[in-house]
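To start, the structure itself, in structure tokens.
Please treat every number below as a calculation from the coordinates, not as lab data. Remember, it's a predicted structure, so these values are computed and weren't measured experimentally. Positions of Cβ are generated from backbone atoms using ideal geometry, with glycine treated the same way; all protein chains shown enter the neighbour counts.
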Protein chains: 2
Amino acid sequence: MKKYLLLSLFLLFATGAGLFAQEALFRSQQIISPEIQETNRVTFRLLAPNAQTVQVTGDFLPTVKIESPRGMVDGPGKADLKKGENGVWEFTSEPLGPELYNYSFIIDGFTTTDPNNPFLIRDVASVTNIFIIGGGHADLFKTNTVSHGTVARRWYSSPGLGMERRITVYTPPGYENSTDQYPVLYLLHGAGGDEEAWVSLGRTAQIMDNLIAQGKAKPMIVVMPNGNVIQDAAPGEGSLGLYKPQFMIPKTMDGTYEANFMDIVNFVESNYRVKADKASRAIAGLSMGGFHTMHISRFYPNTFDYIGLFSAAIMPREDATSKVYSDIDGTLKTQMENGYKLYWIAIGKTDFLFDANVEFREKLDKMGMPYEYEESEGGHIWRNWRIYLSQFAPRLFQ
Amino acid sequence: MKKYLLLSLFLLFATGAGLFAQEALFRSQQIISPEIQETNRVTFRLLAPNAQTVQVTGDFLPTVKIESPRGMVDGPGKADLKKGENGVWEFTSEPLGPELYNYSFIIDGFTTTDPNNPFLIRDVASVTNIFIIGGGHADLFKTNTVSHGTVARRWYSSPGLGMERRITVYTPPGYENSTDQYPVLYLLHGAGGDEEAWVSLGRTAQIMDNLIAQGKAKPMIVVMPNGNVIQDAAPGEGSLGLYKPQFMIPKTMDGTYEANFMDIVNFVESNYRVKADKASRAIAGLSMGGFHTMHISRFYPNTFDYIGLFSAAIMPREDATSKVYSDIDGTLKTQMENGYKLYWIAIGKTDFLFDANVEFREKLDKMGMPYEYEESEGGHIWRNWRIYLSQFAPRLFQ
């Protein structure tokens, strides 16, 4: 009976509603792609009867060597889909290990998204499809049946920058109905990122929910600010409207962000139930955010007990005019003398910032400044940053 | 000097980082599309040197008649892009009126997204690009430099459904630092939607921020639940993982949602600073959500003072077994006798549910049940639902 009613409704909608909006579904192909087999092979499908060639590319395929201005580097592999009689192209991968993967289709040389997979992530200006092979560390990236924290997009006032700015805040399960004071991790994005990067590409909410549920991380607040001081919010979310995001954004590495970072800390500490002390503050960031983390933590040298540099864009600032960069070695020394619980540096073996990190560690060694070092496979990729967060968060506030 | 440093960094990233992840940008075409001209003409561009034909389709183009199972209906128009010598295809529209528009490209017959526009909205399983022409009512859809509310994705416990469920909650500017008690609008999505629909397709946060800033709407909390009782969360956000969303979802119109709706009200009223009285509760929904709104508001006939039916999927429930549908006329009469401030019905002239709404209004007329009626142009589309919200919200809690 219910079935009959649902069917009636379906027909009513399907025949009556035209092809717009809510009814966009009826336009879509009734094809499942990607389909994860029990063997963890993944089948990709695309209906494209007129195409001459269809390929899939993504980080689930073995890398290939490609030409670049600095010689041959690793690039994403490609695989050919095979055309079936029904116009549906298909490719099935080798069995894949646990990971969150991304991919795109290439149709007659044109790179585009999979119309049958609505799960997309934006990285700077590029949008790719994603899928997850569970198991192992990748189970941390899934929404499991555990207690969930809250993810809020709020706006805070930055007196230093003279604007209202958007910020993403994860509060752990139970926060709202507790009277506890919580520690805070400030988690910073890289160049071209924004306050959406860590929750979308980084799966922060899922990782934290799962680590907390497993008893591996302390319940903590994770604050994900926007490090691009000329924006009030991520592209499309702020007063600049909808525009094509850029990788290099002016004023991201000139000291302005670091010099005004206390606006964020003050906002958090006056708007959340937090422990406002050094022992309860951590800061970490990837790439440019690792650069920001290094500079913020030494510019406010008695503020953070936990510091995480993920593939940090360590680079010389001798030319910079900001007071933030005026006495790097001196403030590092002060930071060391003030003490901290953990200074954690992680980078991939093939990261283009590897040498810069070697050099930075040599500086720290020479100063006698203690740190822990984690060297992973791979390069400058989100896959590593998700794992670094999974490794770093359990070390905090213990 | 700063420029020099940024350039160095850019080169470092550009040459060193390979083609993955954060560096995905370098793969993308340096093309602007769509480009909104000063005349509000919009230029669409696509680099596709190998394509034979490129078209754009979307709701910014005049509709055309297309065949359907119930005869000729309005369908989205198409326009041809013209190929330039550089392999870039281009089309410029007529001057467009204020609106949030969606579009897709059709490359050699294959419908896909615009790789130069990362602003996408998912509607059920389909993803299309969007752009906004400002001015008039469409300025409500923009993030303007006004005070902004907070949008939180939280999880609440539904004892009735026996699961933790995800919910989207908009709290108005100033909520966090106020001691005021706020009224609440429960805003329900349509079939195939979820707790993401009203904030993404519906631009609820922008509309509410702007109406409140203009003094046209009272500061209120807007609660956007998930109406699909078999899901804990939107596709990709819950324990069911990543899967292809469907338009018709089991148990959405069998009374289960309505019968357990007080779990949501109880959660809101015990977790937010709200006025927990009838005068401070509103409920509205689109399509299936309008159906839910009609049934919830009469099943709990002394609970809501404001009721909004947006293109409501009014349809007979004589066959249904749920107690929710057991005495529709009687509970409507009770609701009428209990009184309410506003019963607001809106629908578009070409909506396929138009006749069902005529019939429903005839029933109300016959009963002497008061309501206000708004008839708009157009059909069963988000464009109307955004406008209905803009019209309904200012009427609440005055």
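Taking a ≥ b ≥ c as the square roots of the eigenvalues of the Cα gyration tensor of region A:306-398, is the shape rounded (a/c under 1.5), prolate (a/b larger than b/c) or oblate?
Numbers: a/c = 1.92, a/b = 1.27, b/c = 1.51.
Because a/c hits 1.5 or more and a/b fails to exceed b/c, region A:306-398 counts as oblate.
Other chains near A:100-113: what is the mean number of their Cβ atoms within 10 Å of each residue's Cβ?
Working: counts 1, 0, 3, 0, 3, 2, 0, 7, 7, 4, 13, 4, 8, 5.
The shielding value for this peptide is 4.
Peptide B:138-145: average number of partner chain Cβ atoms within 10 Å per residue? Let's see the in-between values first.
On the way: counts 0, 0, 0, 0, 4, 11, 3, 5.
For peptide B:138-145, the averaged partner shielding equals 3.
Could you calculate the FRET efficiency of A:ASP365 with A:THR334 from 1/(1 + (r/R0)^6), where r is the beta carbon distance between them and R0 is 25 Å, rounded to 0.05? Could the numbers behind the result be given before it?
Details: r = 18 Å, r/R0 = 0.72.
Efficiency for this residue pair is about 0.90.
Just subtract the alpha-carbon distance of A:ASN302 and A:GLN398 from 0.36 nm times their residue separation and send over the number in nm, one decimal. Don't skip to the end; give the middle numbers.
Values: separation 96, 0.36 × 96 = 34.56 nm, distance 1.87 nm.
Using 0.36 nm per residue and subtracting the Cα-Cα distance, I get 32.7 nm.
Between A:MET315 and A:THR43, with labels modelled 7 Å along Cα→Cβ, what's the label distance in nm to one decimal, could you check?
Placing both labels 7 Å beyond Cα along the Cβ direction yields 4.6 nm.
Once fully extended, how much extra length lies between A:ILE230 and A:LYS323, figured as 0.36 nm per residue of separation less the alpha-carbon to alpha-carbon distance?
Full extension of this stretch gives 31.6 nm more.
Give the angle, between 0 and 90 degrees and rounded to the nearest 10, that separates the Cα long axis of helix A:328-338 from the longest principal axis of the Cα atoms of chain A.
Long axis of A:328-338 versus the principal axis of chain A: about 80 degrees.
Please list A:315-326, B:244-255, A:35-46, A:200-211 highest first by mean number of surrounding beta-carbon atoms within 10 Å per residue.
A:200-211, B:244-255, A:35-46, A:315-326
Check the straight Cα-Cα distances from B:LYS275 and name the lysines below 22 Å, setting aside those fewer than 8 residues away within the same chain.
B:LYS216, B:LYS218, B:LYS341
Can you find, among B:GLY330, B:MET367, B:ILE345, the residue sitting farthest towards the positive end of the charge dipole of region B:326-370, where Lys and Arg contribute +1 and Asp and Glu -1 at Cβ?
Value computed over the given set: B:ILE345.
Ranked highest first by average number of other Cβ atoms within 10 Å, how do A:348-358, A:363-373 line up?
With the highest mean Cβ count within 10 Å placed first, the list reads A:348-358, A:363-373.
Using a Förster radius of 41 Å, what is the FRET efficiency between B:GLN181 and A:LEU161 based on their Cβ-Cβ separation? Nearest 0.05, please. Walk me through the intermediate numbers first.
Numbers: r = 33 Å, r/R0 = 0.81.
It comes to 0.80.
From the square roots a ≥ b ≥ c of the eigenvalues of the alpha-carbon gyration tensor of region B:149-219, which class results: rounded (a/c under 1.5), prolate (a/b over b/c), or oblate?
Details: a/c = 2.48, a/b = 1.43, b/c = 1.73.
Cα axes put region B:149-219 in the oblate bin.
For A:GLN181, which inter-copy label distances result when the label point lies 7 Å beyond Cα on the Cα-to-Cβ vector, reported in nm to one decimal and in ascending order?
Distances between equivalent label points, in nm: 3.1.
Please compute the modelled spin-label separation between A:THR350 and A:ASN266, points set 7 Å along Cα→Cβ, answer in nm with one decimal.
The two pseudo-label positions are separated by 4.6 nm.
What does the structure give for B:236-249 when I average, per residue, the other chain Cβ atoms found within 10 Å of the residue Cβ? Please list the in-between numbers first.
On the way: counts 7, 5, 4, 6, 1, 8, 12, 4, 11, 4, 1, 11, 7, 1.
Average neighbour count from other chains, rounded to a whole number: 6.
Run through the other copies and list how far each one's label point is from that of A:ASN271, in nm with one decimal, shortest first; the point sits 7 Å from Cα along Cα-Cβ.
1.9
For region B:324-360 and region A:208-256, write down the distance between their C-alpha centroids in whole Å.
The distance from the Cα centre of region B:324-360 to that of region A:208-256 comes to 45 Å.
Quick check: the angle from helix B:2-16's long axis to the longest principal axis of chain B, C-alpha only, nearest 10 degrees?
Long axis of B:2-16 versus the principal axis of chain B: about 90 degrees.
If you take every DSSP beta bridge fully contained in the protein assembly as shown, what fraction is antiparallel? Give it as a percent rounded to 5.
Details: 97 of 145 bridges.
If I count the DSSP bridges inside the protein assembly as shown, around 65 percent turn out antiparallel.
If a/c stays under 1.5 just call it rounded; otherwise compare a/b with b/c (prolate if a/b is bigger, oblate if not). Do that for region A:141-395, with a ≥ b ≥ c from the square roots of the Cα gyration tensor eigenvalues. Walk me through the numbers before you get to the answer.
On the way: a/c = 1.33, a/b = 1.16, b/c = 1.14.
Taking the square roots of the gyration eigenvalues as a ≥ b ≥ c, region A:141-395 is rounded.
Set the Förster distance to 45 Å, then compute FRET efficiency between A:GLU94 and A:TYR243 from the Cβ-Cβ distance, nearest 0.05. Intermediate results must be reported in sequence, preceding the final value.
Working: r = 40 Å, r/R0 = 0.88.
In this case the efficiency is close to 0.70.
Within the set of other residues whose C-beta is less than 14 Å from the C-beta of A:ASP180, count the net charge using Lys and Arg as +1 and Asp and Glu as -1.
Values: positive: A:LYS218, A:ARG273, A:LYS275; negative: A:GLU176.
Once all neighbours under 14 Å are counted, the net charge is +2.
If you take the charge dipole of region A:141-395 about its Cα centre, with +1 on Lys and Arg Cβ and -1 on Asp and Glu Cβ, which of A:PRO301, A:ILE230, A:ALA284 is farthest toward its positive end?
So the residue we want is A:ALA284.
What GluC sites (Glu not before Pro) in region B:58-134 are in a loop by DSSP, with at most 16 other Cβ atoms within 10 Å of the Cβ?
Details: sites: B:GLU67, B:GLU85, B:GLU90, B:GLU99; in loops: B:GLU85.
Within region B:58-134, the qualifying GluC sites (Glu not before Pro) (loop, at most 16 other Cβ atoms within 10 Å) are B:GLU85.
Among DSSP beta bridges lying fully in region B:16-134, give the percent that are antiparallel, nearest 5.
The answer is about 100 percent antiparallel.
For chain A, find the longest principal axis of its Cα atoms and tell me its angle to the long axis of helix A:288-299, 0 to 90°, nearest 10.
That helix lies at roughly 20 degrees to the long axis.
Can you give me the P(r) profile for the protein assembly as shown? Cα pairs, bins 20 angstrom wide beginning at 0, each as a whole percent.
Spelled out bin by bin, the protein assembly as shown gives 16, 49, 31, 5, 0 percent.
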